[in-house]
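The values are calculated or read from the model by the stated rules, or taken from the named source; none is laboratory data. Fair warning: this is a prediction, and the values are worked out from it, not measured in the lab. Positions of Cβ are backbone-derived with ideal geometry, glycine not excepted, and every protein chain shown enters the neighbour counts. Areas reflect the complete protein model, heavy atoms only, side chains present, ligands, DNA and RNA absent. Shrake-Rupley method; radii C 1.70, N 1.55, O 1.52, S 1.80 Å.
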Amino acid sequence: MLKLVAVVGTNAKLSYNRKLLYFMKHHFRYAADIDIVEIKNLPPFAIDAEETNEVWQLKQKIQAADGVVFSTPEYDHAIPSALKNAIEWLTYHCQVLDHKPSMIVGVSYGKQASSRAQVQMRQTLMAPDCNACVLPGNEVLIGGAMQVFDQQGRLTDQDAVENLEHCFMEFINYATMIVKRTKEDLAMSSQKPFVDTAYVNFPTGRMSLSEVQQVFEALPFDLNLVDADDTFVWYNHEGHQVNARNVNQLNHPVSECHPPMARERAMQVIDSLRDGTEDFVPRAFVKNGHKIYNLYVAVRDVDGHYLGTLEVTQNVDAIIDLYNRGTWGQPTGMISSPALAGSADAATGASDSSTGASDSSTGASEGTSDSSTGASEGDSDEDNTDDASTGASDSSTGASEGGADGDTGASESDGDTGASEGGYVADEDDDEDTSDDANDDDGADTTPSSDEDK
């Protein structure tokens with residue numbers, strides 16, 4: 001199942017375009033996992049403006065997704081300024097939309113719906129700085145917004161529903177083709193290498209590529225590699241890491257993978273390994289009740305030339321349990337080291353995320369930043385952790401390892417829409433009578449200015 005990000009293309013509190021995306025999330029829940037994101041908290045874009053955490057989180061979600069759906073209203077024959085602002089943040093010195101499968105939908109009051117805004121949006125997404133893969137044809141133009149949604153947010157116009165179903169399934173096929181091509185280009189496979197009959201000769205022996213792959217998978221710790229150009233290029237343990245990874249995070253600069261507040265410290269650690277000031281940088285922290293040990297190691301060739309940084313991450317609960325049982329002949333008793341038994345990291349002074357205490361060396365709490373690199377352990381979601389060495393973040397799904405789906409919250413009900421599997425209920429913003437939306441027209445900034453917007 002593809003994981004998609006759906007962008008609400010307005011900062012309006014009440015929006016029919018938001019209603020449409022929540023309807024799509026429920027209606028197509030068996031075809032795709034759709035994560036609806038807002039742009040209303042993004043700051044105004046400027047070349048010299050500092051990137052905020054909200055901007056960084058949006059970039060991470062789109063980067064990790066298999067495709068993007070943009071829902072846009074139409075203001076003055078154009079897309080809203082809030083949506084254009086979001087596109088600027090996503091494309092200035094950033095490539096998260098590059099070759100990203102993209103679909104455009106839209107709702108408005110008039111008969112022509114948001115047709116001219118969608119034309120402009122297509123042109124914008126196909127511009128060189130965006131370079132998105134936009135689904136051709138297959139237009140979703142829904143007019144008469146006040147008449148086509150019921151009180152629960154369901155799209156009631158059957159012709160519109162049928163057209164939406166056709167266009168969305170075309171997009172699923174389109175995105176699947178592009179994602180498959182991209183994965184082949186990256187020469188990645190979670191099961192085995194593409195060339196599985198070749199052998200690698202080491203000074204200490206020989207292994208086939210299949211054996212190399214499976215040795216990495218069998219190791220009881222996570223490995224992540226940043227190359228000499230500060231690009232995240234490789235990881236092991238597909239799907240069950242302490243800090244989850246996905247292939248969409250590969251081949252991106254490590255600086256883009258860190259939240260703004262963490263970047264400077266993260267690069268300091270990598271630079272110290274590159275220039276030989278340090279050969280390794282250790283750290284320890286507590287995550288979700290588990291004691292985690294991190295080691296960032298400089299990878300060098302036989303001549304001492306820097307090849308990259310390797311992060312080693314391990315859950316050490318079992319090791320601590322062995323120690324506390326006196327396995328090595330020491331007196332039994334709980335480890336007293338605050339790094340592993342208490343709330344603070346003894347090496348770095350980083351606090352446990354549950355305490356909210358600040359890191360004495362970086363000033364960042366464990367709940368917000370990595371004590372070694374400044375990378376976030378859990379920016380906005382306890383499970384969405386950042387890789388302090390590689391900078392790769394778990395922002396693709398935020399899904400828990402078991403139980404409910406972290407994106408949709410779907411177990412017995414849809415967490416975003418509140419919809420049960422057997423029925424549908426709109427999001428909280430849409431609970432009000434749709435007659436109250438008459439002045440909305442997806443308008444964050446002003447009231448409609450043309451007949452097509454009314």
Subset of the stretch 167-201 (residues that are open to solvent by 60 Å² or more (accessible area, probe 1.4 Å), among the hydrophobic types (A, V, I, L, M, F, W, C) and at pLDDT below 85): Ala187, Phe194, Val195
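Within 23 Å of Tyr22 (Cα to Cα), among the polar types (S, T, N, Q) and in contact with a Leu (Cβ under 6 Å, 6 or more places away or on another chain): is that true of Ser71 in this structure?
Working: within 23 Å of Tyr22 (Cα to Cα): yes; among the polar types (S, T, N, Q): yes; in contact with a Leu (Cβ under 6 Å, 6 or more places away or on another chain): yes.
Yes, satisfied.
Among the residues of the stretch 10-39, write down those that are among the hydroxyl-bearing types (Ser, Thr, Tyr) and open to solvent by less than 10 Å² (accessible area, probe 1.4 Å). Lay out the reasoning, then the answer.
Initial filter on the stretch 10-39 (among the hydroxyl-bearing types (Ser, Thr, Tyr)): 10, 15-16, 22, 30.
Those that are among the hydroxyl-bearing types (Ser, Thr, Tyr) and open to solvent by less than 10 Å² (accessible area, probe 1.4 Å): Thr10, Ser15, Tyr16.
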task: Could you check Thr52 against (1) at pLDDT below 95; (2) within 29 Å of Met1 (Cα to Cα) and say which number it fails?
output: (2)
- prompt: Any idea how many residues of the stretch 277-299 are open to solvent by 20 Å² or more (accessible area, probe 1.4 Å), charged (D, E, K, R) and under 23 Å from Asp230 (Cβ atoms)?
  reply: 2
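Examine the stretch 296-310 for a residue that is under 26 Å from Asp66 (Cβ atoms) and at pLDDT below 90, and state whether such a residue exists.
Residues of the stretch 296-310 that are under 26 Å from Asp66 (Cβ atoms), as a first pass: none.
Scanning the stretch 296-310, I find no residue that is under 26 Å from Asp66 (Cβ atoms) and at pLDDT below 90, so the answer is no.
Can you say whether Val7 is at pLDDT 95 or above, crowded, with 24+ Cβ neighbours inside 10 Å and not acidic (Asp, Glu), as far as the supplied structure shows? Before you say what the answer is, go through the steps one by one.
On the way: at pLDDT 95 or above: yes; crowded, with 24+ Cβ neighbours inside 10 Å: yes; not acidic (Asp, Glu): yes.
For Val7, the condition - at pLDDT 95 or above, crowded, with 24+ Cβ neighbours inside 10 Å and not acidic (Asp, Glu) - is met.
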- prompt: Are there any pairs with C-beta distances below 6 angstrom linking a residue in the stretch 25-48 that is over 17 Å from Phe70 (Cα atoms) to a residue that is surrounded by fewer than 18 Cβ atoms within 10 Å (Cβ to Cβ) and β-branched (Val, Ile, Thr), with the two at least 6 apart or on different chains, and if so which?
  reply: Pro43/Thr52
task: Return the pairs, sorted by first residue and then second, in which the second residue is of a type in the set (D, E, K, R), the first residue lies in the stretch 148-175 and is at negative phi, the beta carbons are less than 8 Å apart, and the residues are 6+ apart or on different chains.
output: Val148/Asp157; Phe149/Lys19; Gln151/Asp433; Thr156/Asp150; Cys167/Glu139; Ala175/Asp66
- request: For Leu307, work out the one condition from (1) farther than 18 Å from Leu219 by Cα; (2) under 27 Å from the mean Cα position of the chain (by Cα) it doesn't fulfil.
  value: (2)
task: Tell me which of these Leu97 doesn't satisfy, since it passes every other one: (1) open to solvent by 10 Å² or more (accessible area, probe 1.4 Å); (2) in contact with an Asp or Glu (Cβ under 9 Å, 6 or more places away or on another chain).
output: (1)
- prompt: If you go through the stretch 41-52 one residue at a time, do you hit one that is over 27 Å from His252 (Cβ atoms) and surrounded by fewer than 19 Cβ atoms within 10 Å (Cβ to Cβ)?
  reply: no
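A quick yes/no check of all residues on (1) outside any loop (DSSP other than H, G, I, E, B); (2) touching a helix residue (DSSP H, G or I) at 6+ places or on another chain (Cβ under 9 Å); (3) not charged (D, E, K, R):
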residue: Lys111; (1), (2), (3): no, yes, no
residue: Ala117; (1), (2), (3): yes, yes, yes
residue: Arg122; (1), (2), (3): yes, no, no
residue: Ala127; (1), (2), (3): no, yes, yes
residue: Cys130; (1), (2), (3): no, yes, yes
residue: Gly137; (1), (2), (3): no, yes, yes
residue: Leu141; (1), (2), (3): yes, yes, yes
